[in-house]
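One structure below.
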Amino acid sequence: VGNYKRTVKRIDDGHRLCNDLMNCIHERARIEKVYAQQLTEWAKRWKQLVEKGPQYGTVERAWCAFMSEAEKVSELHLEVKGSLMNEDFEKIKNWQKEAFHKQMMGGFKETKEAEDGFRKAQKPWAKKLKEVEASKKAYHAACKEEKLAVSRETNSKADPALNPEQLKKLQDKVERSKQDVLKTKEKYEKSLKELDNATPQYMENMEQVFEQCQQFEEKRLRFFREVLLEVQKHLDLSNVASYKNIYRELEQNIKTADAVEDLRWFRANQGPGMSMNWPQFEEWSADLNRTLSRREKKKASDGVTLTGINQTGDQVSQPNKHSSSLSVQSNTVQSVQSSYNPFEDEEDTGSTVSEKEDNKIKNVSSYEKNQSYPTDWSDEESNNPFSSTDANGDTNPFDEDTSPAMEVRVRALYDYEGQEQDELSFKAG
């Protein structure tokens, strides 16, 4: 009696399991969304870095194909997230609402119906069982009383001090107890027989209610299986044609990378095959001389000045006045060196990482394709900061007679277009 409560509890568990399954799908959808966003951010950042970096040609396109793959896969995972929430999650939510009906007083209508059904089926049999228990208790009590009366009678026969009247009373009590045993036994057996006769009908009624609960649970189990299969289809990208095409296209883009073609392009655009600008005779200009004189009178700003421009003709033979370098005043050399290492390779700066406020990597390369390279050059040892005489300390780099200023490699912080003939044009970096 009352063991049907386990079956009734299963209905409440079914409602809770619907919530658990919805939470499970919701968390997976959130993961899919975050993954898609991270793929998009990664693709956008690295696409900019590769496009601005030194890589060129077909290998650049093959590299960028990875970012295109990430963007497409991101879209697919956003579709997965949408399917999980808009289809699977909503389907479970609607089914739960239709299958379980809440009552005003709490609990579910289905739970109450099952509880009432089991209780109604069990009530007649439980009543008979109660009668059996009562008759059994009365029979056992009569047997105990009979045994006690027989024991007293036996003891009284051995007692010579007991008068015949008392002995007669004990014998009568034994007789009555035997009759009570027979009577309670008969009643016990009768109630037990009635219980046995009612048991088949009781089992049938209980099983009928149980089968109704089984059918309700079967609907939930089949629904869960159906939903899980749909979730599996939404998560399984291996059967999505567009997913296979993404990697087929990625493979084709990588295979189209041609080293010979890239080298040919670089030769034609950046090597011996590019258009040349050979030096030509330039007439002396009075305006240029006047401009230089005016600029020499201007006050230097921030300790960094342009000291001179190489000119054609006999001006090349005057290195003290017209050196093709950026000079830094001696009192600012220490501060410049502390912020930039003149002995650092450009390749080393390519691995510099700068951080935004959100600690996300913004740039891992200092190269830019529109970066301008210095065109001035010199084979004179005086322009080489690594020359042996300077290294041995035989010459003073701050000596005006030897060099106009200590030459320190500097980096432009912004783009600048020369406004006059004697001004340099340069790009940031």
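Suppose the filter is touching a Gly at 6+ places or on another chain (Cβ under 7 Å), surrounded by 13 or more Cβ atoms within 10 Å (Cβ to Cβ), closer than 30 Å to C18 by Cα and hydrophobic (A, V, I, L, M, F, W, C); does V209 pass it?
So V209 passes the test.
Identify, from the list E87, E79, E60, E98, the residue that is under 30 Å from V209 (Cα atoms), of a type in the set (D, E) and at pLDDT 90 or above.
Only one candidate qualifies: E98.
If we scan region 236-247, do we find a residue that is open to solvent by less than 70 Å² (accessible area, probe 1.4 Å), β-branched (V, I, T), outside any helix (DSSP H, G or I) and in contact (Cβ under 8 Å) with a residue 12 or more places away in the chain?
yes
How many of the residues making up region 6-56 are more than 27 Å from L237 (Cβ to Cβ) and small (G, A, S)?
Within region 6-56, residues that are more than 27 Å from L237 (Cβ to Cβ) and small (G, A, S) number 2.
List the number of the failed condition for A70; all other conditions in (1) buried (at least 17 other Cβ atoms within 10 Å of the Cβ); (2) more than 19 Å from the chain's Cα centre (by Cα) hold.
So the condition that A70 fails would be (2).
Got a sec? Which of I31, I25 is under 30 Å from K112 (Cβ atoms) and either of a type in the set (V, I, T) or not in a helix (DSSP H, G or I) (or both)?
Matching residue, one of I31, I25: I25.
Which of the residues that make up region 92-112 are of a type in the set (D, E, K, R) and either surrounded by fewer than 17 Cβ atoms within 10 Å (Cβ to Cβ) or not in a helix (DSSP H, G or I) (or both)?
Residues satisfying the conditions are K93, K97, E98, K102, K109, K112.
With respect to the numbered conditions (1) surrounded by 12 or more Cβ atoms within 10 Å (Cβ to Cβ); (2) of a type in the set (A, V, I, L, M, F, W, C); (3) within 39 Å of the chain's Cα centre (by Cα), which one is the sole condition not fulfilled by A268?
(3)
Y35 fails exactly one of the following numbered conditions: (1) of a type outside the set (A, V, I, L, M); (2) under 30 Å from W265 (Cα atoms); (3) out of contact with any Phe, Trp or Tyr (no Cβ under 6 Å at 6 or more places or on another chain). What is the number of that condition?
In the conditions (1) of a type outside the set (A, V, I, L, M); (2) under 30 Å from W265 (Cα atoms); (3) out of contact with any Phe, Trp or Tyr (no Cβ under 6 Å at 6 or more places or on another chain), Y35 misses (2) alone.
Which residue pairs have Cβ atoms under 9 Å apart, sit 6 or more places apart or on different chains, and have a first residue in region 19-45 that is free of Cβ contacts under 8 Å to residues at least 40 places away in the same chain and a second that is surrounded by fewer than 16 Cβ atoms within 10 Å (Cβ to Cβ) and assigned to a helix (DSSP H, G or I)?
T40/E75
So E87 passes all but one of these: (1) open to solvent by 80 Å² or more (accessible area, probe 1.4 Å); (2) farther than 26 Å from K219 by Cα; (3) under 24 Å from the mean Cα position of the chain (by Cα). Which condition number does it fail?
(2)
Looking only at residues in region 73-84 that are open to solvent by 40 Å² or more (accessible area, probe 1.4 Å) and touching a residue at least 40 places away in the same chain (Cβ under 8 Å), which one is farthest from E226 (Cα to Cα)?
My answer is L78.
Would you confirm, using the coordinates I've provided, whether A149 is at pLDDT below 90 and loosely packed, with under 13 Cβ neighbours inside 10 Å?
no
The values are calculated or read from the model by the stated rules, or taken from the named source; none is laboratory data. Small disclaimer: the values here were computed from a predicted structure and weren't measured. When we count neighbours, we look across all protein chains shown, and the Cβ atoms used for this are built from the backbone with ideal geometry, even at glycine. Surface areas here come from the heavy atoms of the whole protein model, side chains and all, with no ligands, DNA or RNA. Shrake-Rupley method; radii C 1.70, N 1.55, O 1.52, S 1.80 Å.
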